[in-house]
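The structure appears right after this line, and notes come after that.
The values are calculated or read from the model by the stated rules, or taken from the named source; none is laboratory data. Just so it is clear, the model here is predicted, and its values are computed rather than measured. Here the Cβ positions follow ideal geometry from the backbone for every residue, glycine too, while neighbour counts run over all protein chains shown.
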Amino acid sequence: MTTFNALQNNVFHSMTDAQVRDIAGKHGTPVLVYSEDCLKRSADEALAFPNAFGLTVRYAMKAIPTAAVLQLFNRKGIHIDASSGYEVERAIIAGIAPEQIQLTSQELPENFAELVEKGVSFNACSLSQLEAFAQRFPGAECSVRLNPGIGSGHNNRTNVGGPASSFGIWFEYLPKVLEIAATNNVKITGIHTHIGSGSDPEVWVKAAHLALDLVRQIDTVHTLSLGGGYKVARIEGEKTADLQNIGGRVKELFVEFNEKHNRQIHLEVEPGSYLVTNAGTILSRIMDVIDTGDKGFNFIKINSGMTDILRVSLYGAQHPLKVVTREEKPASKTNYVVVGHCCESGDIITSQPGDPEGIKEVELETAAINDYLLIGGAGAYCASMASKNYNSFPESPEVMLMSNGDVKVIKQKQTLQQVLTNEVTNLFD
Ligand SMILES: Cc1ncc(COP(=O)(O)O)c(C=O)c1O
């Protein structure tokens, strides 16, 4: 089997300059472009995660919550991981069956009981959430999110396991979990651990080991979710998690567990990044090219930025960049710092790796006003996690580059009227 290459399954690399100019001309800029082919290929990879006794893949919809993306994955047989009551409702509105949605949220939605009654499965992420569920649904089944004591992530903001993380129930409180469940006759059928985003198989094996030890302690558990967090390389030098390697090692642990305890545990994984990261790119327009003198920098200013991609300002994330000239012209290169359109010095696209405050120069095709700038690796946590409407910029449209080459709008550009829609404008009348 050839190894899946996330850097190659990548709309940033596969889109031709002609396609860039065509999409910009027809749909305007900035626009998020997702590739149907790339989404489908990464779905197939995730569905091939090795497993011993069955697999459910849930898409962590926070990565791109747009209906067309949820529908594409759902048609492939992928279920949904929702991080809020609103995400659950959004998935239902997109046509996903409630039974295929699991709620795993930091905050207990006020309408959680209504969602559970519709068929949504509930993953208790704290003792108080478990208590609320157990009191409202005595005798019912749920899973619990446990913090197994270790985490993995490329920085502290993406590491969601271990003592410095507030996510999930600390593993030492398992007796309390059992007590709450017993008091209300609730059956714990699933254990869920999501420890962060990493690519090191050893960390996954260790986490699975710890998680299976938790499964051992609750004999009603039939499903173990290892969560998401399978890292995807955006630029050369970064490493993509090898699902076959990680899954193969984890599968062995499930087999051993069955041999020892005679329990065939169903596996769940819930990737976000893995499914969508390199299937998306931001197509922006260069609004200005300036410099700060001989000892300074050359800057490209684009009509996108933290209103479409916050990851750079937040984590110092690295994204590949490409200038596509408006018309064919002789190639030459210049070093640039690329910045966004917000009046905010943190609105930067080229930071030092892991250091949002450090600016970095990148060598790009020499740019002119009205050329285009593509930001790659912009599927996961870009449109969904951007600083919406800052400086009153409307949300950007999203399009899908279909397998047959057509480009379909999957989300319209927000209008100024929609930005203002909930404001009261007559307070002083
Ligand atoms: C509970 C849970 N599951 C899955 C994911 C998806 O993570 P990733 O996009 O790194 O795969 C997240 C991300 O924060 C999460 O919190």
Taking only pairs six or more apart or across chains, which ones have beta-carbon atoms under 8 Å, a first residue in the range 40-61 that is free of Cβ contacts under 8 Å to residues at least 40 places away in the same chain, and a second residue that is part of a loop (DSSP other than H, G, I, E, B) and surrounded by fewer than 18 Cβ atoms within 10 Å (Cβ to Cβ)? D44/K76; L47/K76; L47/G77
Name the residue that is farthest from the ligand (Cβ to nearest atom), counting only residues in the range 31-74 that are in a loop (DSSP other than H, G, I, E, B) and out of contact with any Lys or Arg (no Cβ under 7 Å at 6 or more places or on another chain). F53
Verdict on A208 being within 16 Å of the ligand (Cβ to nearest atom), in contact with a helix residue (DSSP H, G or I) (Cβ under 8 Å, 6 or more places away or on another chain) and at pLDDT below 95: yes
Suppose we filter G162, G190 for residues that are surrounded by fewer than 22 Cβ atoms within 10 Å (Cβ to Cβ) and either at pLDDT below 95 or within 16 Å of the ligand (Cβ to nearest atom) (or both); which single one remains? G162
Kindly list, by first and then second residue, each pair from a residue in the range 210-228 that is assigned by TED's automatic domain parsing to the domain that holds S121 to a residue that is of a type in the set (A, V, I, L, M) and assigned to a loop (DSSP other than H, G, I, E, B), limited to pairs with Cβ atoms under 7 Å and residues at least 6 apart or on different chains. L210/I150; A211/L226; V215/V221; V215/I265; H222/I265; T223/I265; L224/I265; G227/I195
Pair list, Cβ under 8 Å, 6 or more apart: the range 368-391 residue closer than 19 Å to K411 by Cβ, other residue basic (K, R) and within 16 Å of the ligand (Cβ to nearest atom): Y381/K62; Y381/R311; C382/R311; S384/K62; M385/K62; M385/R311
Mind checking which residues of the range 211-228 are within 12 Å of the ligand (Cβ to nearest atom) and in contact with a helix residue (DSSP H, G or I) (Cβ under 8 Å, 6 or more places away or on another chain)? L226, G228
Name the strands (runs of 3 or more DSSP E) wholly within the range 234-303 that hold at least 3 residues that are within 30 Å of L103 (Cβ to Cβ)? 266-269
Matching residues in the range 75-98 (part of a helix (DSSP H, G or I) and surrounded by fewer than 24 Cβ atoms within 10 Å (Cβ to Cβ)) number 9
Taking the criterion of being farther than 20 Å from V232 by Cα and at pLDDT 95 or above, would at least one residue in the range 372-384 satisfy it? yes
When both residues are 6+ apart or on different chains and their Cβ atoms are under 9 Å apart, which pairs have a first residue that lies in the range 341-352 and is in the same structural domain as G376 (by TED's automatic domain parsing), and a second that is among the aromatic types (F, W, Y) and at pLDDT below 95? S351/Y315
